[in-house]
Each structure stands twice: as structure tokens, then as C-alpha cells.
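Have a look at the structure below before the remarks.
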Amino acid sequence: MKLKVLYFALFAISLTTHAQNFRRPDIKDIALAPQQNEYRNILDLSGVWNFKVDSADIGEIKKWYNGLEEYRQIAVPGCWNDQFTDLHTYLDAAWYETKTYIPSSWKGQDIYVRIGSAIYATKLWINGKPIGEHLGGFVPFAFNITDDIKWNANNRITIRVENHQRPSRVPLGGSKLGALGNKTMPCVNYDFFPYSGINRKVELFTIPQTHISDITVRTDNVVTLGKIHIRVDASKNVKHGRITISDQNTDIHKNIKFEHGIANTDIQVTNVKLWSPEHPHLYMVSVTLDDANIEVDHYELQTGIRTISSNKNGIYLNGKKIYLRGFGRHEDFPVLGRTTSIPINVKDFELMKWEGANSFRTSHYPYDDSQYDLADREGIMVIDEIPAVGLYFF
């Protein structure tokens, strides 16, 4: 009996030895996409990474986060299923590793690592230290790593991803009870291949400690008068800022005041050029923060001034009935798998417009940020889906 107790005690100790603390991402850290300007920095980590399959799921026990051995090379972003012939149907765990230099010129800012999409369950280490974990694909997530990096030195970034198909995940896999039954390989309840791995860009980005954390834009119009409501969320200690709305013929400035880190304002645009598929006109919204009359942060985004509404008779854009013509569009391409490719997206948009389309439906999950920006510029409306295809409950 004592021997059994000792055995289980040693087993529990071994589990504790390998247990690591991973935090969950905060949604506020992906509210604004990374942007390069005088107050913010971006470092794109796309390229060739080290890669190692972990079919026996021993990587964490063997502490692979301290450095991979006997690895091969893989492109990031990119799905492993279409980069390697022997991994075409592999959906278990795999590890990624790269090193990147972080300059001391970034000191004084908060530094984040942002993963655009990793399918499906992800864990992240920096220099062997556990940082965070994320469950789910198709959307970005980010972690603050300011206290975990080495300055003026190479830092090792290690990412573990696994794509087990389970009925408890979204979309559903690993069950024969769904609408598609056991007619797919692997057995899933959705009509696209479950490409695995780091599907979108990995980036380091910085923001100043006093910063803009979110910008929300809502638009309306009455004939030739455009209306823009803007909410800016910022650090709690911010008091003042300003907003500029501009295009080739417009330059509107407005000062804003913050209360508890939030500022709301309405801006009117005379002789407005409304956004539509025929005329996808965009305005630049620029937000600047002032601290004691000194600029401390700046962020820009583009928006079209438009309204969308519906009733039993149809869908209305800017008060006029519109018929959506387009496609259920999938991200699926040889070698790339589900990886976002800007040249392919540009070609797809050209083909859709050549066909007379004014819209498409994301099938069946949110796409990369760059695709929505391209749709705004090209005059394409988007029916945006969440990854809830094939849900069933018992």
C-alpha cells in the first residue's frame, strides 16, 4: 500500500514539474490591427521557420520549447498539410520555432506577439518561458511579451499547434453523427478541408504606454450630408486628442476630450461621397492623442460613409434597394491551403467583378483583415460568417 502511495506521489510530482502556466489572450489586444508610424512599430516574422511533428505528444515533456532538434523547414504562414506530402492528412501536434532580434530602441513601449490564425489549439513560449494559449482558429490573438524578451539580442519564439477533430470544437469534427456523416476524410461535419498550422502572419508589434486601444466608427447620411460617429478608447490617463476626416477634397478637424479613457464625437461631412459598389469612396479617419500638448500616439483607418438596412422587402444600401450578386467563396488553393495570399485575393476580386458580382460570403469563418480592406477599396460587400458551420446538438 505504501509503495502505491509513493508511486502516485511521484507521478503527481512529475506532472507538477511539467505543468506550466499559460495565460489566455485578451480580446482588447486585437481591437486594432498593428500599424507602423512614428509611435508604433511592426515586425513581420513571415519566412522559413523550424518545424517538427509531435505525433507522440512528447514535446512538452521533453521541453522542446528550449530548442528544437532534428527539425525540417516550413514556410510561415502556411498550412503543413500542403507543404509536406507525408503530412497531408496529419492533424496532430506540431512545433514551430524562429528567432528574431528585438532592438533597444523599442524600450518604453509595450511589445506584443500577434498570430493571425493558428488551427486549432495553440501554445506560445518566448525564450523557453510559457506565455499564453489560444483555442480556436480563424481569428487573430495576441500576447504582451514586454517582460519576457531580451533586448538587443535574438529571442526564440516557439509555437505548438494541434488540430484534433472533436465534436466540442467549432466547426465540429471527429464524430459520425453530423450531416456529412462519415463520408469525409477526415470525418468532419463541414465541407472544407481542416488545414492545420499557422495559417496567417505572425507579427511583433509595439504600442506606446499611453495609447489608443480601440476606434469604433458608425456612419449615416441624409442626401448630401454624411454623418460619422466615432468612439475612441484610450489609456485611462488620456485627457485630450483630435480627429481628422479627410479625402482629396475634405479636411475636417475636431478636438475630443476623454472621460475615463473614452471619447465620443459626431462629425458631419458636407457634399459627402457615399460608398457603394459602383463608387467605393473611402475617407481617412485619423486619431491623435495629446498628453500635456505633446503628441503621444496616432492611428489611421479608412471608412466608407454608408448605411445598410433591411426589411421584408429586401436589403437597402444608402436607402436604395440592392440585390446581392456574388459567391460563397472558399480559401483553398494548391500549396497555400488556407493561407492568405494577396496576389490571389486581388485576382479573385478581379474575377468576381468581371462576373458582375458585388458581394461574397466568407465560407465559413472570418477571413484575414486584409481581405476586408480590399473589399472596401474594390466595392465588394461581405457577408461575414462565424465558424459555426455544421453545428448540431443532442
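The values are calculated or read from the model by the stated rules, or taken from the named source; none is laboratory data. Since the model is a prediction, treat every value here as computed from it, not as a measurement. Heads up, the Cβs are rebuilt from the backbone with ideal geometry, glycines too, and the neighbour counts pull from every protein chain shown. Only protein heavy atoms, including side chains, enter the accessible area calculation; ligands, DNA and RNA are left aside. Shrake-Rupley method; radii C 1.70, N 1.55, O 1.52, S 1.80 Å.
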Between Y323 and E69, the FRET efficiency computed from the C-beta separation at R0 = 56 Å comes out, to the nearest 0.05, as 0.45
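Once the Cβ-Cβ distance between D86 and K257 is put in as r, and R0 is 51 Å, what FRET efficiency do you end up with, to the nearest 0.05?
For D86 and K257, the calculated efficiency is 0.25.
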Lys, Arg +1 and Asp, Glu -1 on Cβ, resulting dipole of the chain about Cα centre, debye, nearest 20:
940
Sequence-distant residues sharing a close amide H with D110 (under 5 Å, placed H):
I207, Q209
Between the Cα axis of helix 369-378 and the main Cα principal axis of the chain, the angle (0 to 90°, nearest 10) is 30
Convex hull volume per residue for segment 191-258, taking Cα atoms only, in Å³
223
Over 32 Å between Cα atoms, which of K201/K347; K63/K176; K150/K347; K239/K321; K273/K353 qualify?
K63/K176; K150/K347; K239/K321
How far, in degrees from 0 to 90, does helix 342-354 lean away from the longest principal axis of the Cα atoms of the chain, to the nearest 10?
50
Amide H neighbours of D291 under 5 Å, counting only residues 5+ apart in sequence or on other chains, H built in-plane at 1.01 Å?
V296
Distance in nm between label sites at H330 and Y372, each 7 Å beyond Cα in the beta-carbon direction?
2.4
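Would you calculate the convex hull of the Cα atoms in segment 75-181 and tell me its volume per residue in Å³? All intermediate terms of the calculation are to be shown ahead of the outcome.
Details: hull volume 12.0 nm³, N = 107.
Per-residue hull volume (Cα only) is 112 Å³.
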Once the dipole of the chain is set up from charges on Cβ (+1 Lys and Arg, -1 Asp and Glu), the residue from the list L351, G78, H298 lying farthest towards its positive end is G78
How much area per residue is accessible in segment 80-192 when the probe is 1.4 Å and only protein heavy atoms are counted (Å²)?
39
The chain: antiparallel DSSP beta bridges as a percent of all, rounded to 5
90
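Can you pull the semi-axes for segment 251-355, root of five times each eigenvalue of the Cα gyration tensor, sorted largest first, whole Å?
Semi-axes (√(5λ), whole Å): 35, 23, 13.
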Length gained if V217 through A56 is fully extended, taking 0.36 nm per residue and subtracting the Cα-Cα distance, is 53.1 nm
Which value, in Å³ per residue, describes the convex hull spanned by the Cα atoms of segment 112-233?
183
Per the 1/(1 + (r/R0)^6) rule, R0 = 22 Å and r from the Cβ atoms of D26 and K236, FRET efficiency to 0.05 is 0.90
Write out the trypsin sites (Lys or Arg not before Pro) in segment 116-168 meeting two conditions: DSSP loop, and at most 14 other Cβ atoms within 10 Å of their Cβ.
K150
Which trypsin sites (Lys or Arg not before Pro) from segment 191-299 combine a DSSP loop assignment with at most 12 other Cβ atoms within 10 Å?
K236
Along segment 69-79, Karplus-curve 3J(HN,Hα) (6.51, -1.76, 1.60; θ = phi - 60°) to the nearest Hz, with x for Gly and Pro, reads 10, 6, 9, 10, 9, 9, 7, 10, x, x, 7
Return P(r) of the chain (all Cα-Cα pairs; 10 Å bins starting at 0; whole %; ordered from short to long distances).
4, 19, 26, 26, 17, 6, 2, 1, 0
Please return the longest stretch of the chain lacking exposed loop sites, where GluC sites (Glu not before Pro) count only if DSSP places them in a loop and at most 15 other Cβ atoms lie within 10 Å.
71-277
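Given the -39500 (n - 2.57) contribution per DSSP H run of 4+ residues, what per-residue ellipticity at 222 nm results for the chain, rounded to the nearest 500 deg cm²/dmol?
-3500 deg cm²/dmol
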Largest fluctuation, I58, I256, I102 only, Gaussian network model of the chain with Cα springs under 10 angstrom, belongs to I58
Which of D297, D29, D86 moves the most in a Gaussian network model of the chain with Cα springs under 10 Å?
D86
Highest GNM mean-square fluctuation among L289, L124, L317, for the chain with Cα springs under 10 Å, belongs to L317
The summed charge of the D369 Cβ neighbourhood (under 14 Å; Lys/Arg +1, Asp/Glu -1) stands at -3
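Restricting attention to segment 68-167, which chymotrypsin sites (Phe, Trp or Tyr not before Pro) occupy a DSSP loop and are surrounded by at most 12 other Cβ atoms within 10 Å?
W151
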With all protein chains present, how much of the accessible area of the chain (probe radius 1.4 Å) comes from carbon and sulfur, to the nearest whole percent?
53
For segment 254-260, what does the Karplus curve 6.51 cos²θ - 1.76 cosθ + 1.60, with θ = phi - 60°, yield as ³J(HN,Hα) per residue in whole Hz, taken in order and with x for Gly and Pro?
8, 7, 10, 10, 9, 10, 6
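Provide the net charge surrounding N345, with neighbours chosen by a C-beta distance below 12 Å and charges set as Lys +1, Arg +1, Asp -1, Glu -1.
Summing Lys/Arg as +1 and Asp/Glu as -1 gives -4.
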Scalar couplings 3J(HN,Hα) for segment 208-213 by Karplus 6.51 cos²θ - 1.76 cosθ + 1.60 (θ = phi - 60°), nearest whole Hz, x for Gly and Pro, are x, 5, 9, 8, 7, 9
